[in-house]
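Working notes, beginning with the structure itself.
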Amino acid sequence: MKVLVTGGAGYIGSVVTDRLLAEGHTVEVLDNLTTGHQDSVLSGATWHQGEITEAGEILDSSFDAVIHLAAKSLVGESVTHPERYWHGNIVATLGLIDAMRSAGVRRMVFSSTAAVYGEPGVGQITEDTPAMPTNPYGASKLAIDHMLTAEAAAHGMAAVSLRYFNVAGASGSLRERHDPETHLIPNLLKVALGDAGEAKIFGTDYPTRDGTAIRDYIHVVDLADAHLRALKAAEPGNHAVYNLGTGTGTTVREVITAVREVTGIDIPAVEHPRRPGDPAVLVASGQRALQELGWAPQRSITDMVADAWAALR
Ligand code: UDP
């Protein structure tokens, strides 16, 4: 297939591009480099620096699909500047869908998020769990999911939304590089590298097995594999939604233990109060993705930490 990857200079987009190229697809990357990195654009892909709203200048009937990953994705910023999320995610994606319709490109895999569910409480989140986002970031992604449902029904698009839980790990040198970095595993690895003095544990009074929050971590290579499966499985006139998770979760303390084991470095960790807005448990049921896409994550939390550590060094 010939595929446009928006956000292909980012962490997940570069790994998705890598897998597409490895499977023999033709890939063009569109990224404005606000959070992506030019050196993450793979040489096998045709490169366009620009906004999502410029996709219409690239797309024509020679394309088979768009994998749409480009987005604004900082929860805190979405609360203080919601208008950036309505424009950057909702309005920009509406323009992309219009451009796809005009060009006759009728297949999309969209990067949705666990944030659409808000704080559903303890237990596995399925695709039927009510979506009640608690911030504009999650709301903007949910609005796009609704757009895709309607576009599929009205105009025959083949659409798939993949709702990511906590993505981690690396693929060779392709790794997570955020500024500021808020995610747990890269922050722990900074301590291991000597770039930060001590790790912070946000919240030790959650109703979980060791008092720290539980998240469902997925290796970025497993995640990329789900995109390729979704691309093939997408059906005209249908919008399918899949949670990408393992069905089990890992506590913050268990992640710290994995980082200590992989690096051989004793990570000093200091207990802090809960980070505002962090739910106790976010774990996905991966049953639908298994049944309909044949997708199941293959890589463990130790693999994620080991691959991220190798990429850093
Ligand atoms: N966390 C932590 N210390 C850190 C960063 C994160 O204890 O330096 C906790 C955070 O409160 C959450 C979990 O680790 O419970 C995962 O956080 P992350 O930011 O990686 O992902 P999120 O689930 O918030 O998207």
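The values are calculated or read from the model by the stated rules, or taken from the named source; none is laboratory data. Since the structure is predicted, the reported quantities are computational estimates derived from the model, not experimental observations. Every residue, glycine among them, receives a Cβ derived from its backbone with ideal geometry; neighbour counts consider all protein chains shown.
For the reader, a short list of remarks on this structure follows.
- Exactly one residue among Leu184, Leu231, Leu193, Leu188 is of a type in the set (A, V, I, L, M) and either assigned by the TED database to the domain that holds Leu74 or touching an Asp or Glu at 6+ places or on another chain (Cβ under 9 Å) (or both), and that residue is Leu231.
- Residues that are over 23 Å from the mean Cα position of the chain (by Cα) and in a loop (DSSP other than H, G, I, E, B) were ranked within the stretch 161-196; the one that is nearest to the ligand (Cβ to nearest atom) is Ala196.
- Reported count of residues in the stretch 103-128, each being of a type in the set (D, E, K, R) and within 13 Å of the ligand (Cβ to nearest atom), is 1.
- Flag if Glu271 is within 25 Å of Thr17 (Cβ to Cβ) and among the acidic types (Asp, Glu): no
- Test: residue in the stretch 72-80 that is among the hydroxyl-bearing types (Ser, Thr, Tyr), closer than 21 Å to Glu28 by Cβ, more than 16 Å from the ligand (Cβ to nearest atom) and part of a helix (DSSP H, G or I): no
- The single residue among Ala226, Ala199, Ala284, Ala269 that is more than 13 Å from the ligand (Cβ to nearest atom) and either in contact (Cβ under 8 Å) with a residue 40 or more places away in the chain or in the same structural domain as Tyr11 (by the TED database) (or both) turns out to be Ala226.
- When the stretch 201-237 is filtered for residues that are over 25 Å from Pro120 (Cβ atoms) and surrounded by 16 or more Cβ atoms within 10 Å (Cβ to Cβ), the ones remaining, listed by number, are Val221, Ala224, Asp225, Leu228, Arg229, Leu231, Ala233, Ala234.
- Residue in the stretch 96-103 that is within 30 Å of Ala280 (Cβ to Cβ), surrounded by fewer than 19 Cβ atoms within 10 Å (Cβ to Cβ) and more than 19 Å from the chain's Cα centre (by Cα) present: no
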